[in-house]
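The values are calculated or read from the model by the stated rules, or taken from the named source; none is laboratory data. Everything quoted here is computed from the prediction, not taken from an experiment. We place every Cβ from the backbone using ideal geometry, glycine too, and count neighbours over all the protein chains shown.
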Amino acid sequence: MRSLPAIAGPPYQSDDPEPTDYGHYEIYAFNKGTSSKGDLSGASGIDFNYGAAPNLQITATLPVGFDFPSNGTTAFGLSNIEIAAKYRFLHQDTFSLDVAVFPRVFLPSGSQQVGDKQASFLLPIWVQKDWGKWSAFGGGGCQFSAAGRSHDFCIYGATLTQQVLPKLQLGVELFHQTADRVGTASTTSLGIGTKYDLNENIHLLGYAAKGIQNTQTVNQYSWYAAVLFTF
């Protein structure tokens, strides 16, 4: 089972630097996954975010992983719980860009069948620029594993979105991840995403991406779908 990068800035894999508003909540009920040659794997779960202070968001993610190998036993189980904090330290009104760090700790998997058995730490930086109905955001960072350097990898992504209707946002993303194991390959994907606001508190998110590098071994296609509750 290939390690899945955290879906940041849902529904995209790249994150944006905007934290949850102070005193407010963003809760995602999500399903995500990746198909590669001979395997379909991913997770469903809850992604909880709270605006703990101005410019500071705290995050906890509880995923239940799944793995459907073409030749093997189907597996389900508690995957890697994530704990993170996003801090925006530069703002567009004074610096022309929003800039934030979003360090994230992945705890060892609670299952022997899914997820990574070692803890890891992701340290990325994300930037964003808004103009009119358009937004561009992205950045990257590296994930360091307790299993050693052979399990370390880096991610890079860039996303462009447009608010095409008052309740509908569309976007496109280019995302790259270096090899996360010795003997595996890096992957690059091109994806499209959407967000639709049912009302002020309930939102629908979707994302689909096609691998454009090493597609037969690491990433033929991937997806993310969620219902977002904001209050």
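When Ile58, Ile83 are checked against the criterion of being surrounded by 15 or more Cβ atoms within 10 Å (Cβ to Cβ), touching a residue at least 24 places away in the same chain (Cβ under 8 Å) and of a type outside the set (D, E, K, R), a single residue qualifies: Ile58. Consider Ser150 carefully, then state whether it is modelled with pLDDT under 95 and either within 24 Å of Leu62 (Cα to Cα) or of a type outside the set (Val, Ile, Thr) (or both). Considered against the rule, which asks whether it is modelled with pLDDT under 95 and either within 24 Å of Leu62 (Cα to Cα) or of a type outside the set (Val, Ile, Thr) (or both), Ser150 comes out as yes. Every listed requirement among (1) at positive phi; (2) at pLDDT 95 or above is met by Ile125 save one, (1). Would you point out the residue of the range 117-147, among those that are in contact with a helix residue (DSSP H, G or I) (Cβ under 8 Å, 6 or more places away or on another chain) and surrounded by 17 or more Cβ atoms within 10 Å (Cβ to Cβ), that is nearest to Gly77 (Cα to Cα)? Taking the candidates together, the pick is Ser120. When Asp15, Asp67 are checked against the criterion of being in contact with a strand residue (DSSP E or B) (Cβ under 6 Å, 6 or more places away or on another chain) and not in a strand (DSSP E or B), a single residue qualifies: Asp15. Annotation note: Cβ proximity below 7 Å between a residue of the range 100-116 that is touching a residue at least 24 places away in the same chain (Cβ under 8 Å) and a residue that is β-branched (Val, Ile, Thr) (sequence gap 6+ or interchain) occurs for Val101/Ile125; Leu107/Ile81. All conditions but one from (1) modelled with pLDDT of 95 or more; (2) farther than 22 Å from Ala43 by Cα apply to Lys195; the one that does not is (2).
For the residues Leu107, Leu190, the requirement of being at pLDDT 95 or above, exposed (fewer than 15 other Cβ atoms within 10 Å of the Cβ), among the hydrophobic types (A, V, I, L, M, F, W, C) and under 22 Å from Thr34 (Cβ atoms) singles out Leu190. The residues of the range 30-64 that are in contact with a Ser or Thr (Cβ under 8 Å, 6 or more places away or on another chain), closer than 25 Å to Lys210 by Cβ and among the small types (Gly, Ala, Ser), listed by number, are Gly33, Ser35, Ser36, Gly38, Ser41, Gly42, Ala43, Gly45.
The number of residues in the range 205-231 being surrounded by 16 or more Cβ atoms within 10 Å (Cβ to Cβ), within 22 Å of Asp16 (Cβ to Cβ) and over 15 Å from the mean Cα position of the chain (by Cα) comes to 1.
So which residues in the range 94-104 are surrounded by fewer than 17 Cβ atoms within 10 Å (Cβ to Cβ), at negative phi and outside any strand (DSSP E or B)? The answer is Thr94, Phe95, Leu97, Pro103.
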